[in-house]
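See below for the structure under consideration.
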Amino acid sequence: MLWAALAASADVVSMLERSSVGEPRSSGVFNLVIGIIVILVAIFSDRLGLGDVPGFGRAQVLGALIGGILILMGLVRLIRTMIGRDS
C-alpha cells in the first residue's frame, strides 16, 4: 500500500515538473510540497492503515528518505532561483 502511494507521488512530481517548464521556482515549491507529503505519509502510514507490519518498516524508511530527498531538491531549487543562478 505504501509503495503505491510512493509511486503515485513520484508520478505527480514528474508531471508537475513537466508542466512547469521555464519556472524553476514553482518546480522547487512542488518538490518541497510533495516531499513533505511523502514524508508524512511514510511516518504516519501505520496510523493511516497503510503499513504492512507494526513498527517502522523498510518501506517507511524508504519513503522518509525519498521525501527528504525531494525536500532537499526543492529547497536547493528555490535557493538557486532566489540568488539568480537558475534560469
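Results, tabulated for the structure shown:
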{"quantity": "FRET E, pair Ile43, Ile79, Förster distance 22 Å, beta-carbon r, rounded to 0.05", "calculated": "0.30"}
{"quantity": "Ranked list, fewest to most other Cβ atoms within 10 Å of each Cβ, for Ile37, Ile66", "calculated": "Ile37, Ile66"}
{"quantity": "Rg/Rh ratio calculated on Cα atoms of segment 23-83 (Kirkwood radius)", "calculated": "1.13"}
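Read the figures in this text as sums done on the coordinates, not as results from a lab. Computed from a predicted structure; not experimentally measured. With ideal geometry, Cβ positions are generated from the backbone for all residues, glycine too; neighbour counts draw on all protein chains shown.
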